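Asker: Before I ask anything, here is the structure I am working with.
The values are calculated or read from the model by the stated rules, or taken from the named source; none is laboratory data. As the structure is a prediction and not an experimental result, all values here were calculated from the model. Here the Cβ positions follow ideal geometry from the backbone for every residue, glycine too, while neighbour counts run over all protein chains shown. Side chains included, ligands, DNA and RNA excluded: accessible areas come from the protein's heavy atoms. Shrake-Rupley method; radii C 1.70, N 1.55, O 1.52, S 1.80 Å.
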Amino acid sequence: MPSAYELARDRLEAGRARRTRPDGTRAQRYFSLRLYFLALIATFIAVAGAAAAFVHIQTGRDARAESFQAASFAAHGAARQLGEDFASLEKNIGGLAATPGIEKVFANPAGCSLSFGSSRGRPLDLGHVDIIRADGTPMCSSRLPPESERIGLYRTAQWLKAARERQHLAAPVLDPASGHQVAVVAAPIAGGVVAGFLDLTALGGQLAARYGGDRAVVMAATGDRRTVLAHSIEPKRWIGTSLDGTPFTSTPGTAERQDLNGKDRLYSEARVTGVNWVLAVGKDKAAALGAQSRLEKRQFAIIGFGLLLLLAATSMIRRRVALPIAQLGRELRAGSDGGLPHSVTVPTACPEELRSLAVDVNLLV
């Protein structure tokens, strides 16, 4: 009757035979614990990468949506304020032109006194108002140049002729009194016009400070987006320039595009009622997406730290499980090849289940 050891040896040989074809090739492929550990690590990396890609896409969308919303809010707020102030300016100019006897200023300018703007610091508070004779000479003004420079100061202005017939708005035009680009609102009176001059050079910066913030650019353009009327960055350079061929003529409304300075921004537009202007507010794209970049860096740091922990854990499990199992197998094969029962070493630094297996093998032996 065969011994228990011989039965165990026969079963071991039978198992080897089942896994081997007659020609000696393997009938079925078995994987080591190392491959399982590598598969576990690869799965972790794949899942972490998919999560990182999702967060990257979603945070980018959220950051853009938030910036577009902020730009839209600023654009509509600034456009509404600018429209209200323009309506107020036009009303004041029309009211001043309708004042009975205002044309007497031309005969006696000494008693005339005008003021422009208010104490509220509104965007239209920078400029001046004039009562101008038909030959272009300002006879009364809230800001008069030296008397020697007044005569015929606006004689060649194109808007002067149109304003002699009806209330007229012109922009941008160069104001010889200040040397700045301005918007002119003028209304006719007997013998001349009443004109209000809005300084466009400072308008963009004022609107940006009030509505856009330090990282936004504000630009006003004509209703057909052909000419720059105001700009919060380098206004003297851009006011009056053409927008043909720029992103503002091809992508109206809300869009991601470059500023006139070549900087990427997230823009939103609104129309200024009453004057047919377009107001665009652009948020700095790099600043808008900065939070996304910081979030991604923290995410990659967490993933990297998690990967290091996983590698350390798999290495420890391999030392505590895979290596003792391999040692147990080597000792069993050594006993089988020698033809004599052979006890195996019971490992110490390993899971309890592996220790129990080694004890059961020794009991079997």
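Asker: Take Gly60 and tell me if it is touching a residue at least 24 places away in the same chain (Cβ under 8 Å), surrounded by 13 or more Cβ atoms within 10 Å (Cβ to Cβ), within 30 Å of Leu198 (Cα to Cα) and not acidic (Asp, Glu).
Answerer: Numbers: touching a residue at least 24 places away in the same chain (Cβ under 8 Å): yes; surrounded by 13 or more Cβ atoms within 10 Å (Cβ to Cβ): yes; within 30 Å of Leu198 (Cα to Cα): no; not acidic (Asp, Glu): yes.
No.
Asker: For the structure I just gave you, tell me whether Ala358 is free of Cβ contacts under 8 Å to residues at least 60 places away in the same chain, loosely packed, with under 14 Cβ neighbours inside 10 Å, part of a helix (DSSP H, G or I) and not charged (D, E, K, R).
Answerer: It is false that Ala358 is free of Cβ contacts under 8 Å to residues at least 60 places away in the same chain, loosely packed, with under 14 Cβ neighbours inside 10 Å, part of a helix (DSSP H, G or I) and not charged (D, E, K, R).
Asker: Here is a follow-up. With the condition kept exactly as written, say whether any residue in the range 163-186 is assigned to a strand (DSSP E or B), without any contact (Cβ under 8 Å) to a residue 40 or more places away in the chain and buried (at least 22 other Cβ atoms within 10 Å of the Cβ).
Answerer: Within the range 163-186, one or more residues are assigned to a strand (DSSP E or B), without any contact (Cβ under 8 Å) to a residue 40 or more places away in the chain and buried (at least 22 other Cβ atoms within 10 Å of the Cβ).
Results for (1) modelled with pLDDT of 75 or more; (2) surrounded by fewer than 17 Cβ atoms within 10 Å (Cβ to Cβ); (3) outside any helix (DSSP H, G or I); (4) of a type in the set (Ser, Thr, Tyr), shown as yes or no for each residue.
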| residue | (1), (2), (3), (4) |
| --- | --- |
| Leu12 | no, yes, no, no |
| Gly24 | no, yes, yes, no |
| Leu40 | yes, yes, no, no |
| Ala53 | yes, yes, no, no |
| Glu66 | yes, yes, no, no |
| Gly94 | yes, yes, no, no |
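Asker: Test of understanding: among Ser115, Ser148, which residue is open to solvent by 50 Å² or more (accessible area, probe 1.4 Å), farther than 15 Å from Phe197 by Cβ and either modelled with pLDDT under 80 or not aliphatic (A, V, I, L, M) (or both)?
Answerer: Testing whether each residue is open to solvent by 50 Å² or more (accessible area, probe 1.4 Å), farther than 15 Å from Phe197 by Cβ and either modelled with pLDDT under 80 or not aliphatic (A, V, I, L, M) (or both) leaves just Ser148.
Asker: Something else now. Is it true that Ala208 is more than 27 Å from the chain's Cα centre (by Cα) and either loosely packed, with under 14 Cβ neighbours inside 10 Å or aliphatic (A, V, I, L, M) (or both)?
Answerer: Here the answer is no, as Ala208 does not meet what is asked.
Asker: For Asn276, only one of the following conditions fails: (1) farther than 24 Å from Gly77 by Cα; (2) surrounded by fewer than 12 Cβ atoms within 10 Å (Cβ to Cβ); (3) not hydroxyl-bearing (Ser, Thr, Tyr). What is its number?
Answerer: (1) is the only condition that Asn276 fails.
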